Amino acid sequence: MEKTYSPISPDQSTGRGRIRRWFSGIPVLGWIFGALVAVVLEYYLGDALSEVLGLEKVPALFGVTLILKKPLLLPKCLMFVGLIYVIPISVVAKYLSPLTNRIAGKLIQYPYGVSAVLHLALLYAVFYIWSDVSAYRLLTLKLSLIAVMITLSLNVVNGYMGEFSCSHPGFLALGAYGASVITVLFFVKDKLFGAPLLPPAIGPYLYPVALVLGGLLASVGALVIAVPSFRTRGDYLAIISLAFMFIVKSLIENLEIVGGPRGLSSQPGWSSLLTVFIWTVLCVWIINNFVRSTLGKAANAVRDDESAADAMTVNTRRTKVVTFMFAAFWAGVAGGLYAHVIRYANPGDFGIQKLADVLAMVYLGGLNSVVGSIVGAVGMSILGEALRPLGIYKWIIIPLLLILVMIFRPTGLIAFREFDVREILKPKRRM
Amino acid sequence: MVFFLQNLVNALQWGSFYALIALGYSMVYSILMLFNFAHGDIFMVGAYIGFGVASCILALASLGANTLPNWLILVLTILISMFLNSFLGMLVERIGYRPLRDAPRASAAITGLMIGIILETGILALFGARRISFPPLIQTVTYNMGGVFVTNKKIVIVLVSVMFMLALHQFVRRTKYGMAMRAMAFDYVVVPLMGVPLNTIAAMTFGIGSALAAVAGILFGVAYPVLDPYMGIIYGWKAFVAAILGGRGSIMGATLAGFLLGFIEIFVAMIFPSTLRDLIAYSIILLILVFRPHGFFGEPYSARLRL
């Protein structure tokens, strides 16, 4: 729904209203252009500017980590962020808006896939240049993107279908181990599995197959939860899914062939930023289509009232099985990507701690909302990294923030919000 | 046979921890329909409070000429820790759960998880990462009963747990507040309209549950005298399993399920390699829930689930 502002709206006089008016009429393309200019600026001038300002190197995460380590650097960091990010992005976005609006308007006349691909390519360029500054940034970015996938797939079950499922770490573990075993067995010389069975050179091309197989393994595991969910729901299902998580973890710990409790290492580093980015985009796109499809609506109906949905000819069993397997598939793919980013998989990683993390991301972002999941996952990942200098006190501040969010917005920051690609891609009219 | 009996004794002790924690969990769960994910950490804090109280009493007693007998110190520790820990429980309810009474249940569950993390981190910040050892309140004496070795600690633990379970049972069955709790478990939307103060009863439930958790924590400290800030997590989730396995709203069921969980774990470890403990224990639970989807004493409910 488009917001309308009357000419004498009181919010024009306030600072916020003025800023909003100044930035109105900038399409998403404009913002991406602005970000591109900013990261290019940082790439070429970042080192020089940080030297002039007296910073040791370019601040990794917008200076937050640096400020927490040395609070006296606050003005310098603010100046850096202002000069490199805030001013270029806002100026470019504002003054290129006639141009970007025209481009967006032209693009929207073609099938909207063209426009979407162009936007995504630019976004990828932004990410690529931004993450080129340090390996730490690259890792944070990759893990955030994977967190988006995990959170989205859990939101499909917990938010859209309304089952409180605790099984996600189990699916992640299945995917991570499935994909890792395939890649290590076939393409890597390893002390567990010996010489590779296929020439390693074709490995990167078959990597997606390994990920998909890991995802399929996870969806087979989802059947274990989906079938009992016909007879019960709610709290009992929570226990069943929790038991499933423990069973998977314990099973992997007892399988000596995949390394047992020591974990499985020497995965090839094929999860490049491009791979992770493409899989994340695919995941967001497919899940967004899924939740708007008939099946997604059926899942919503099951959540709201199962017996009523059944009476209204919704095939609740099929809905549950498909939704569980679908969500598990994406969790499995995310797990595979994760194992190949870290290049190590350990059953201890897929325990209750992970469950708490993922649940926090879903409920921070918001139930029943694709945008919410993205916001929650990225927010929690960045927050977790940014507050790292605080040591263990990080684990007091983050939970407190989450409790406050829960108290003031019990369903999460952005809950029950639709995500429309066309709305994002189209040019903005000036208010 | 002797081997079996020996393990039965061990299982009885192990199960009584689970049962005590599950009782507190189950009370909150049946009355407010909340997943109190902070309960395991309240148990952990209870153990630490017990450690503090016992150390203080020992220090005070050693100052005076006549030292108190050990059983008296244990009783005092349990009573004072119960009292202190019940305040913690009520505080958690007031801060984390009461504002979310009308919110989706899962939001309250997340708040509980986060409160648990705060408690762990708080204890970690206070005591550091090193494990601390619980002061030895009972000198271990081992009795040999026809080949079955029973320590006096085990007897004390089982006796104290059973005593508190019976006391809770009497409280819930015989008193006015107990009746209010049962009514609330039956329908907590309508019962407050009849003049039952929901907030008081909720705070009281949390208080009693946390007091029981403190008892469990101290008994844990007596049996395995090493405390660490993360020990509560796994017990909290096991209590969650036991409370739901027992059936919604059934205190008896929670006790039974707690003991059953302890028995399964000990006997699995007895027959199979102990690394398979979780695997087999949870598989059995999964099977039980498949055949009895509403727990032991739970009624099937088709009420509309609030997300």
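Is there a pair in A:K249/A:K320; A:K76/A:K428; A:K354/A:K394; A:K57/A:K142; A:K70/A:K94 whose C-alpha atoms are over 26 Å apart, and which pairs would that be?
With Cα atoms farther than 26 Å apart: A:K76/A:K428; A:K70/A:K94.
Could you tell me how far the Cα centroid of the stretch A:348-395 sits from the Cα centroid of the stretch A:62-102, in Å?
Their Cα centres are 25 Å away from one another.
Tell me, how many Å apart are the Cα centres for the stretch B:165-185 and for the stretch A:223-271?
Answer, in whole Å: 39.
At a 10 angstrom cut-off on C-beta neighbours, averaged per residue, how do the peptides B:260-267, A:154-161 rank from highest to lowest?
Top to bottom by mean Cβ count within 10 Å: A:154-161, B:260-267.
In terms of modelled amide H atoms, which long-range or inter-chain residues lie less than 5 Å from the amide H of B:T151?
Here B:Y143 satisfy the definition.
Please give me the summed charge of the neighbours of A:I352: other residues whose Cβ is under 15 Å from its Cβ, Lys and Arg +1, Asp and Glu -1.
That works out to -3.
Dipole size in debye (nearest 20) for chain B around its Cα centre, Lys and Arg Cβ +1, Asp and Glu Cβ -1?
Here the size comes out at about 420 debye.
Relative to the longest principal Cα axis of chain A, at what angle does helix A:394-408 sit, 0 to 90 degrees, rounded to 10?
Approximately 80 degrees, to the nearest ten.
Going by average Cβ density within 10 Å per residue, which order do the peptides A:311-319, B:10-18 take, highest to lowest?
The peptides rank, most packed first, as B:10-18, A:311-319.
How much net charge surrounds A:S266 when only the other residues with a Cβ under 9 Å from the Cβ of A:S266 are counted, with Lys and Arg +1 and Asp and Glu -1?
Surrounding charge for A:S266 is +2.
Could you tell me which of rounded, prolate or oblate describes the stretch A:54-185, using a ≥ b ≥ c as the square roots of the eigenvalues of the alpha-carbon gyration tensor, with rounded for a/c under 1.5 and, failing that, prolate when a/b is larger than b/c and oblate otherwise?
oblate
Over the stretch A:251-352, what number does the Rg to Rh ratio reach, with both radii from the alpha-carbon atoms and Rh per Kirkwood?
Checking Rg against Rh, the ratio lands at 1.12.
Once you average over the residues of B:276-288, how many Cβ atoms of partner chains fall within 10 Å of each Cβ? Write down the numbers at each step before the final one.
On the way: counts 4, 1, 8, 9, 2, 4, 11, 6, 1, 6, 11, 2, 2.
Per residue, the number of nearby Cβ atoms from other chains is 5 on average.
Scan the stretch A:26-130 for trypsin sites (Lys or Arg not before Pro) in coil per DSSP, keeping those whose Cβ has at most 12 other Cβ atoms within 10 Å, and list them by number.
Details: sites: A:K57, A:K69, A:K76, A:K94, A:R102, A:K106; in loops: A:K57.
Of the trypsin sites (Lys or Arg not before Pro), the ones in loops of the stretch A:26-130 whose Cβ has at most 12 other Cβ atoms within 10 Å are A:K57.
Leaving out ligands, DNA and RNA, calculate the buried accessible area for the pair B and A with a 1.4 Å probe, summed over both sides, in Å² to the nearest 100.
So the buried area, both faces added, is about 4100 Å².
For the stretch B:187-219 and the stretch A:113-142, what is the separation of their C-alpha centers, rounded to whole Å?
Here the answer is 52 Å between Cα centres.
What would the Debye formula give as log10 I(q)/I(0) at q = 0.05, 0.11 Å⁻¹ for the alpha-carbon point model of the protein assembly as shown, no solvent?
With one equal scatterer per Cα and no solvent, log10 I(q)/I(0) is -0.29, -1.27.
Taking the mean number of other Cβ atoms within 10 Å as a proxy for protection, how do you rank A:107-114, B:277-284 from highest to lowest?
In decreasing order of mean packing, A:107-114, B:277-284 become B:277-284, A:107-114.
Past the 31 angstrom mark, what percentage of all C-alpha to C-alpha distances in chain A do you count?
Tail fraction, whole percent: 47.
Take every Cα pair under 8 Å in the stretch A:161-218 that's 6+ residues apart, average their separations, divide by the length, and report that relative contact order as a whole percent. Kindly include the intermediate steps, with their values, before the conclusion.
On the way: 56 pairs, mean separation 24.6, N = 58.
That works out to 42 percent.
Work out from phi, with θ = phi - 60° and the Karplus expression 6.51 cos²θ - 1.76 cosθ + 1.60, the ³J(HN,Hα) of each residue of the stretch A:96-106, listed in order in whole Hz, and give x for Gly and Pro.
Along the stretch A:96-106, the couplings run 8, 4, x, 5, 5, 4, 5, 4, 4, x, 4 Hz.
If amide hydrogens are placed 1.01 Å from N in the peptide plane, which non-local residues have theirs closer than 5 Å to the one on A:G63?
The list, which skips near neighbours in sequence, is empty: none.
Once you sort the root eigenvalues of the Cα gyration tensor of the stretch A:377-422 as a ≥ b ≥ c, which label holds: rounded (a/c under 1.5), prolate (a/b larger than b/c) or oblate (the other case)?
oblate
So what is the relative contact order of chain A, in percent, for Cα pairs below 8 Å that sit 6 or more residues apart?
The value is 25 percent.
Which cross-chain or sequence-distant (5 or more) residues have an amide H under 5 Å from the amide H of B:F37, H modelled 1.01 Å from N in plane?
B:G112, B:L113
Tell me whether the stretch B:43-132 comes out rounded, prolate or oblate; compute the Cα gyration tensor, take square roots of the eigenvalues as a ≥ b ≥ c, and use a/c under 1.5 as the rounded threshold. Present the calculation step by step, with values, prior to reporting the outcome.
On the way: a/c = 4.15, a/b = 2.20, b/c = 1.89.
Prolate shape, in that a/c is at least 1.5 and a/b is the bigger ratio.
How large is Rg over Rh for the stretch B:152-201, taking Rg from the Cα atoms and Rh as the Kirkwood inverse mean of 1/r across Cα pairs?
Ratio of gyration radius to Kirkwood radius for the stretch B:152-201: 1.22.
Give me the Kirkwood hydrodynamic radius of the stretch A:191-254, using the inverse of the mean 1/r over all pairs of distinct Cα atoms, in Å to one decimal.
One decimal place: 14.5 Å for the Kirkwood radius.
Report the Stokes-Einstein translational diffusion coefficient (µm² s⁻¹, integer) for the stretch A:135-219, Rh taken as the Kirkwood radius over Cα pairs, at 37 °C with viscosity 0.692 mPa s. Show your work: numbers first, answer last.
Values: Rh = 14.6 Å.
D, rounded to a whole number, is 225 µm²/s.
Summarise the partner chain shielding of B:97-104 as one whole number: the mean count of Cβ atoms from other chains within 10 Å of each residue's Cβ.
3
Rounded to the nearest 20 debye, what is the charge dipole size of the protein assembly as shown about its Cα centre when +1 sits on each Lys and Arg Cβ and -1 on each Asp and Glu Cβ?
Numbers: 55 positive and 31 negative charges, 258 e Å.
So the dipole magnitude of the protein assembly as shown works out to roughly 1240 debye.
Based on Cα coordinates alone, diagonalise the gyration tensor for the stretch A:236-277, multiply each eigenvalue by 5, take square roots, and list the semi-axes in whole Å, largest first.
Gyration-tensor ellipsoid for the stretch A:236-277: 28, 19, 5 Å.
Per residue, what accessible area does the stretch A:127-181 have, given a 1.4 Å probe and all protein chains present, in Å²?
Spelled out: the 1.4 Å probe surface of the stretch A:127-181, per residue, equals 19 Å².
Can you pull the mean other chain C-beta count within 10 Å for peptide A:241-250? If you can, show how the numbers build up before the last one.
Details: counts 1, 7, 12, 3, 2, 11, 8, 2, 3, 9.
Mean partner-chain Cβ count within 10 Å for A:241-250: 6.
Can you give the Rg to Rh ratio of chain B, both from alpha-carbon atoms, with Rh computed by the Kirkwood formula?
Using only Cα positions, Rg/Rh for chain B is 0.98.
If I ignore ligands, DNA and RNA and count only protein heavy atoms, how much of A:D47 is accessible to a 1.4 Å probe, in Å² to the nearest 10?
Here the accessible area works out near 100 Å².
Can you give me the relative contact order of chain B as a percent, contacts being Cα pairs under 8 Å and 6 or more apart?
On the way: 467 pairs, mean separation 117.2, N = 307.
Relative contact order comes out at 38 percent.
Quickly work out the A:I397-to-A:W285 label distance, labels modelled 7 Å from Cα along the C-beta direction, and quote it in nm with one decimal.
3.8
The values are calculated or read from the model by the stated rules, or taken from the named source; none is laboratory data. Just so it is clear, the model here is predicted, and its values are computed rather than measured. Note that we place each Cβ from the backbone using ideal geometry, even for glycine, and neighbour counts take in every protein chain shown. Remember, those area values only see protein heavy atoms, side chains included, never the ligands or the DNA or RNA. Shrake-Rupley method; radii C 1.70, N 1.55, O 1.52, S 1.80 Å.
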